[in-house]
Amino acid sequence: MKIKTLIFAFTIILLTSCKTTTNNITYFQDLNNQSAVTTGKAVNYTPRIAPDDQLSITVSGMDPNAVATFNIPLASYLAPGETNVTSTPVLHTYLVNSHGEIDFPVLGKLQVGGMTRSELTDMMTKRISAYVKSPIVTIQIRNFKVSVLGEVNKPGTVNVPNERLSILDALGMAGDLTIYGNRTNVLLIRDNNGLKEYHRFDLTSAEMLTSPYYYLQQNDVLYVEPNKARKGNAKYSQNGQFNVSLASTIISALSVLASLGIALLVK
């Protein structure tokens with residue numbers, strides 16, 4: 001009878017621990033089971049050009065010769081002895097300086113800092129129209145990247161293929177959180193004009209979907225800290241290694257003392 005009681009109690013404890021674990025890893029727990037739910041005002045974010053951004057700017061038109069002066073020849077930047085084995089050319093980029101400026105052919109210095117990509121496209125199209133009929137200006141931010149660190153399956157730097165990346169997109173590109181990631185306290189680190197900003201998110205709540213920081217900016221860093229289970233395992237492992245080392249030292253010392261004692265008795 002006692003054995004059956006112990007088995008029943010163990011089963012209850014096991015099921016309870018499984019339920020707790022599921023609750024800890026489920027995203028957006030406060031959403032109900034309706035097919036369509038409105039969480040609040042949608043977040044509208046468009047990244048703006050900032051210092052150290054690398055811009056790819058291409059001007060095209062009906063007359064290739066007329067737009068040629070606005071396009072710097074493509075360069076591969078190969079070191080001596082290296083060979084470009086791919087057929088894809090390396091696009092020339094314009095680095096935005098600390099004053100938010102770029103130096104563009106014919107037009108000279110342009111103040112681009114703080115502008116969106118579409119705003120800069122419109123401005124340059126109007127300026128170039130004075131030289132070329134119906135120009136087409138294509139602009140891309142080439143170095144839009146974020147870093148995802150901590151308890152994710154593929155930590156590292158994520159290269160953004162477009163100018164709109166959400167926290168969920170970045171975590172998905174990093175392979176999602178591991179089972180040991182703390183989903184209630186994800187840290188965002190952002191460099192804002194030389195000042196560091198810190199913001200925290202709870203992935204188990206749908207409120208994060210309407211946060212003004214839901215969409216990431218260039219060079220943002222996401223850090224997923226370990227949960228209590230991971231911290232406990234690390235502490236146990238460290239203490240276990242220390243205890244094993246201490247026990248080995250004590251056993252070695254006792255062995256030496258025993259050997260000395262035997263040697264004295266023999267004499």
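Structural remarks
- When residues in the stretch 28-54 are screened for being modelled with pLDDT of 80 or more and not acidic (Asp, Glu), 7 of them pass.
- Any hit, the stretch 216-223, residues being at pLDDT 95 or above, touching a Phe, Trp or Tyr at 6+ places or on another chain (Cβ under 6 Å) and in the same structural domain as residue 150 (by TED's automatic domain parsing): no
- A Cβ distance below 6 Å, combined with a sequence gap of six or more or placement on separate chains, defines the contacts here; from the stretch 186-213, residues that are among the small types (Gly, Ala, Ser) reach residues that are part of a loop (DSSP other than H, G, I, E, B) in the pairs 205/30; 206/28; 206/30; 206/31; 206/39.
- Test result for residue 76, modelled with pLDDT of 80 or more, surrounded by fewer than 14 Cβ atoms within 10 Å (Cβ to Cβ) and within 30 Å of the chain's Cα centre (by Cα): no
- Across the stretch 99-116, the number of residues qualifying as closer than 24 Å to residue 66 by Cβ and out of contact with any helix residue (DSSP H, G or I) (no Cβ under 7 Å at 6 or more places or on another chain) comes to 6.
- Checking each residue in the stretch 43-66 for being within 30 Å of residue 210 (Cβ to Cβ) and out of contact with any strand residue (DSSP E or B) (no Cβ under 8 Å at 6 or more places or on another chain) picks out 44, 50, 51.
The values are calculated or read from the model by the stated rules, or taken from the named source; none is laboratory data. None of the values given here were measured: they were computed from a predicted structure. Heads up, the Cβs are rebuilt from the backbone with ideal geometry, glycines too, and the neighbour counts pull from every protein chain shown.
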